[in-house]
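> Handing you this structure, nothing more for now.
Nothing in this text is a laboratory measurement; each read-out follows from the coordinates by a stated rule. Not measured: the values here are computed from a predicted model. Cβ coordinates were reconstructed from backbone atoms using ideal geometry, including for glycine residues, and neighbour counts include every protein chain displayed.
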Amino acid sequence: MMKLEKLNSNTHKSAKVLPFASVAPTPIMHMVHTVPQEFKHIAQHYPIFFAKDGETGQFNIIALLGLAANENLFIKQGQWQGNYLPLNLQSEPFYLIEDKQEENGQLISKPALAIDVNNARVQQEQGEAIFKQGSATQYLQEQANLLSQFVEGTRFNNEFIKALLEQNLLESVNLDITFENGEDVSLQGLYTINKESLVRVPSTVQQEFEQSGYVQLITDILASLNNVEALIALKNERLKAL
């Protein structure tokens, strides 16, 4: 279970973080949030879909890493085997939290950097140091920068998704798959961009999409869907090994 603590050079002066590839994330997820800055990289290796948050009902943009719950086909024997590590995973085990501080008699919320001390990669003996002589190490600065990029990308995603919904461009899609051993799976709850609706978007909106950078994002998302076949191939390999 995740346990976030606001980073402190005293409390966490001895904390170290092992490389992501050395320890499988806990829990293992079959999808991970992704952001526009990395769509080109993601699209080369993983399918990109839209999925609704189970609590809020809001859409998120995700990279699909497995074909069943708690399955990541790019983790083998506890180690990451993928060719590209999504930003959301690169920035772990660090997170941004709302830190409430009193200023001039008022309680103000500000973003603060936190660490998941229950993450298996957080150690005391081995790994990258977070602080050195009371100051943030270059590693921590780099992780904070990655996290900032991801948060900024998430904000951009929200505007992008809003524009797609206004034009009714998202459609539900079910992945009904039969593996080589005869096993069937139906992956539901995913959405993609409706190509037929896309060609009917008014020219004025098309121009707005172009100016906002949305056209390239749509292109990357649609191109990424070819990677579903790669996921199926990886799953067939796993099933043969059982």
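> Within a 10 angstrom radius of the beta carbon, how do Ile61, Ile97 rank from fewest other beta carbons to most?
Ascending Cβ contact count within 10 Å gives the list Ile97, Ile61.
> Let me ask something else. Work out the count of Lys pairs in segment 4-241 where the Cα-Cα distance is under 16 Å, with the pair 8 or more places apart or on different chains.
The result is 9.
> Please compute the alpha carbon radius of gyration of the chain, then divide it by the globular-protein estimate 2.2 N^0.38 Å. Two decimals is fine. Please report the intermediate quantities before stating the final value.
On the way: Rg = 20.2 Å, N = 242, 2.2 N^0.38 = 17.7 Å.
Dividing the Cα Rg of the chain by 2.2 N^0.38 Å gives 1.14.
> Could you work out how far apart the two model spin labels at Asn104 and Gln211 are, taking each label as a point 7 Å from the Cα in the direction of the beta carbon, and quote it in nm?
Simple spin-label model gives 3.7 nm for this pair.
> Taking Cα atoms, how many degrees apart are the long axis of helix 138-166 and the longest axis of the chain, rounded to 10 and kept between 0 and 90?
That helix lies at roughly 30 degrees to the long axis.
> Could you work out the per residue convex hull volume over the alpha carbons of segment 50-100, in cubic angstrom? Write out the running numbers ahead of the final one.
Numbers: hull volume 6.7 nm³, N = 51.
Measuring per residue, one finds 131 Å³ for the Cα hull of segment 50-100.
> Rank the residues Glu38, Glu103 as a footprinting-exposure proxy: fewest other Cβ atoms within 10 Å of their Cβ go first. Could you put the intermediate results ahead of the total?
On the way: Glu38 20, Glu103 8.
By the 10 Å Cβ count, ascending, the order reads Glu103, Glu38.
> Same structure again: In a solvent-free Debye calculation with one equal scatterer on each Cα, what is log10 I(q)/I(0) for segment 131-242 at q = 0.18 Å⁻¹, listed in the order of the q values?
-0.98
> A further question on this structure: Can you give the Rg and Dmax of segment 59-140 based on its C-alpha atoms, in angstrom?
In Å, with Rg to one decimal and Dmax whole: 17.3, 53.
> Note the angle between two axes, namely the Cα long axis of helix 228-241 and the longest principal axis of the Cα atoms of the chain, as a number of degrees from 0 to 90, rounded to the nearest 10.
Computed tilt is about 70 degrees.
> Say each of Ser186 and Gln123 gets a label point 7 Å from the Cα, pointing the same way as Cα to Cβ; how far apart are those two points in nm?
4.5
> Measure nothing fancy, just the Cα-based angle from helix 214-224's long axis to the longest principal axis of the chain, in degrees from 0 to 90, nearest 10.
80
> Now a separate question. Given the rule -39500 (n - 2.57) for each run of at least 4 DSSP H residues, summed and divided by the residues of the chain, what is its mean residue ellipticity at 222 nm, to the nearest 500 deg cm²/dmol? Mind dumping the intermediate values first?
Numbers: 7 runs with 80 residues, N = 242.
Helices in the chain give a 222 nm mean residue ellipticity of -10000 deg cm²/dmol.
> Hey, what's the Cα Rg ratio for segment 1-143 versus the globular rule of thumb, 2.2 N^0.38 Å?
1.17
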